[in-house]
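Colleague: My structure is below; once you've seen it, I'll send some questions.
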Amino acid sequence: MKIRCPSCRRELKNVPADFPHRPFCSNRCKMADLANWLDENYRITRPIGFDDDFEPPLTH
């Protein structure tokens with residue numbers, strides 16, 4: 001399985017399904033993303049409804 005890290009955009013190939021940091025490439029990127037949520041750099045600006053469209057995750 002191939003994934004692209006949503007934090008640093010690094011592409012990883014041949015990632016096992018049970019990769020512990022997925023969808024991130026490393027624990028560092030995973031923790032950086034969490035810090036952005038906790039620092040309120042990321043926000044959900046309105047309630048999300050069932051009719052909202054979401055992009056599927058990168059699974060190529």
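Colleague: Once label points are set 7 Å from the Cα along Cα→Cβ at both Asp53 and Ala17, what is their separation, rounded to one decimal in nm?
Modeller: 3.0
Colleague: Would you calculate, for the chain, the mean residue ellipticity at 222 nm contributed by helices, counting each DSSP H stretch of 4 or more residues as -39,500 (n - 2.57) and dividing by all residues, to the nearest 500?
Modeller: Details: 1 runs with 12 residues, N = 60.
The helix contribution divided over the chain gives -6000 deg cm²/dmol.
Colleague: Along segment 16-28, what does the Karplus equation 6.51 cos²θ - 1.76 cosθ + 1.60 (θ = phi - 60°) give for ³J(HN,Hα), rounded to whole Hz, x for Gly and Pro?
Modeller: For segment 16-28, the Karplus-derived couplings read x, 4, 9, 4, x, 9, 4, x, 8, 7, 7, 5, 4 Hz, x marking Gly and Pro.
Colleague: If you don't mind, another one. Taking K and R as +1 and D and E as -1, what net charge do the other residues with C-beta under 15 Å from the C-beta of Ser7 add up to?
Modeller: Once positives and negatives cancel, what remains is +3.
Colleague: Taking the mean number of other Cβ atoms within 10 Å as a proxy for protection, how do you rank 45-53, 31-39 from highest to lowest?
Modeller: Details: 45-53: 6.0, 31-39: 11.8.
Highest-to-lowest ranking by the protection proxy: 31-39, 45-53.
Colleague: I've got another one for you. In percent, how large is the relative contact order of the chain, given Cα pairs closer than 8 Å and 6 or more residues apart? List each step's numbers first, then the result.
Modeller: Working: 51 pairs, mean separation 20.7, N = 60.
Relative CO of the chain lands at 35 percent.
Every read-out reported here was derived from the displayed coordinates using simple, explicitly stated rules and does not represent laboratory data. None of the values given here were measured: they were computed from a predicted structure. We place every Cβ from the backbone using ideal geometry, glycine too, and count neighbours over all the protein chains shown.
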